């Protein structure tokens with residue numbers, strides 16, 4: 001399915017599948033103006049990730065802006081290796097957050113407070129696990145995928161999801177149950 005992007009660019013694949021996302025990335029690599037579709041697709045998730053890890057909304061907005069600026073500047077170096085494009089964005093965001101905390105620590109007179117600890121390997125493993133989980137969520141049926149995203153990424157309640165999706169709370173619970181079962185089956 002092809003969509004027109006919010007910026008009026010025709011012929012972009014509808015998001016939601018890894019192959020479609022790959023086409024979006026390739027289109028943006030060929031024409032940086034097409035990066036807007038990737039931005040629109042991933043902004044909310046990256047902003048939420050950053051906002052949960054920094055102290056203020058203004059800092060979260062600035063860092064999220066930096067993440068997408070860096071992603072656009074380095075898009076030609078991105079290589080598709082099977083992990084979702086979002087995993088690359090999360091890595092850029094994690095680095096931007098670490099840099100932010102190091103800078104903040106230096107400004108407060110404690111130059112080592114923001115440096116990564118010996119547990120950084122654990123952080124990398126956790127990041128890779130999250131990237132795998134993100135890929136698996138992308139393979140779920142569309143309705144299950146949407147429920148997982150709304151519940152665990154957007155933090156919505158069962159009631160909010162039911163109202164937004166026009167379904168009963170029981171139906172939402174069942175979709176969530178099936179989605180989590182499908183994800184557990186891939187452990």
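The values are calculated or read from the model by the stated rules, or taken from the named source; none is laboratory data. Note that the structure is a prediction, hence the values are computed from the model and not measured. Cβ placement follows ideal geometry from the backbone for every residue including glycine, while neighbour counts extend to all protein chains displayed.
Residues that are assigned to a helix (DSSP H, G or I) and either at pLDDT below 90 or surrounded by fewer than 17 Cβ atoms within 10 Å (Cβ to Cβ) (or both) within region 162-175 comprise 163, 164, 165, 169, 170, 171, 173, 174, listed in sequence order.
Figure legend. Inter-residue proximity from region 139-164: first residues without any contact (Cβ under 8 Å) to a residue 40 or more places away in the chain, second residues assigned to a loop (DSSP other than H, G, I, E, B) and exposed (fewer than 14 other Cβ atoms within 10 Å of the Cβ), beta-carbon distance below 7 Å, spacing 6+ or different chains. Indicated pairs: 162/168.
Looking across region 176-187, the residues that are in a helix (DSSP H, G or I) and either surrounded by 12 or more Cβ atoms within 10 Å (Cβ to Cβ) or within 21 Å of the chain's Cα centre (by Cα) (or both) come down to 176, 177, 178, 179, 180, 182, 183, 184.
So which of 126, 44 ends up being more than 19 Å from residue 26 (Cβ to Cβ), modelled with pLDDT under 85 and under 19 Å from the mean Cα position of the chain (by Cα)? Walk me through it before giving the result.
On the way: 44 fails: modelled with pLDDT under 85.
After ruling out the rest, the residue left standing is 126.
Only one entry of 37, 98, 30 meets the criterion of being free of Cβ contacts under 8 Å to residues at least 40 places away in the same chain and touching a strand residue (DSSP E or B) at 6+ places or on another chain (Cβ under 7 Å), and that entry is 37.
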